[in-house]
Amino acid sequence: MTSIAQLTPTQVAAETSAQVLDVREPDEVATGAVAGSINIPLGELAARQSELDPATPIITVCQGGARSQKAAEALSAAGYRVSNLDGGMNAWIQDGKPVA
């Protein structure tokens, strides 16, 4: 199994060249998300991964970090360069990062 890099909210905020993929459900995203993130719920990811640019690194995000870790592992297996926001949106908000 490939090891997925775990990024802090500060590292994610500084990574302006990556695609941020939010794998939460739309009702969760409505409560606040990383600005500019792409929302593809985890259950739809296999069918919709063609919406992601394989040439651009991806940072996966969910509420606590578990679903996004699963998404990161699946995308990594499909050949994408992926890292995960450690602690998810809970960590992002706790760190005082802006939400859209």
Report yes if some residue within the range 40-50 is of a type outside the set (F, W, Y), part of a strand (DSSP E or B) and closer than 18 Å to N90 by Cα; otherwise report no.
-> no
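Here is a yes/no grid of residues against (1) within 25 Å of A30 (Cβ to Cβ); (2) part of a helix (DSSP H, G or I); (3) modelled with pLDDT of 95 or more; (4) open to solvent by 30 Å² or more (accessible area, probe 1.4 Å):
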site: I59; (1), (2), (3), (4): yes, no, yes, no
site: Q63; (1), (2), (3), (4): yes, no, yes, yes
site: S68; (1), (2), (3), (4): yes, yes, yes, no
site: A71; (1), (2), (3), (4): yes, yes, yes, no
site: L75; (1), (2), (3), (4): yes, yes, yes, no
site: N84; (1), (2), (3), (4): yes, no, yes, no
site: W92; (1), (2), (3), (4): yes, yes, yes, no
site: G96; (1), (2), (3), (4): yes, no, yes, yes
site: A100; (1), (2), (3), (4): yes, no, no, yes
Could you list, in sequence order, the residues of the range 32-52 that are out of contact with any Phe, Trp or Tyr (no Cβ under 7 Å at 6 or more places or on another chain) and in contact (Cβ under 8 Å) with a residue 40 or more places away in the chain?
-> G32, A33, A35, G36, S37
Among (1) closer than 17 Å to I4 by Cβ; (2) touching a strand residue (DSSP E or B) at 6+ places or on another chain (Cβ under 7 Å) - the single one L45 does not satisfy = (2)
If we keep only residues of the range 7-23 that are among the β-branched types (V, I, T) and closer than 15 Å to C62 by Cα, then the residue most open to solvent (accessible area, probe 1.4 Å) is T8
In the range 31-47, which residues are among the β-branched types (V, I, T), farther than 13 Å from T60 by Cα and surrounded by 13 or more Cβ atoms within 10 Å (Cβ to Cβ)?
-> none
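The values are calculated or read from the model by the stated rules, or taken from the named source; none is laboratory data. Just so you know, these numbers come straight off a predicted model, no measurement behind them. So basically every Cβ, Gly included, is an ideal-geometry build from the backbone, and we count neighbours across all protein chains shown. Accessible surface is based on the protein model in full, side chains and every heavy atom, while ligands, DNA and RNA are left aside. Shrake-Rupley method; radii C 1.70, N 1.55, O 1.52, S 1.80 Å.
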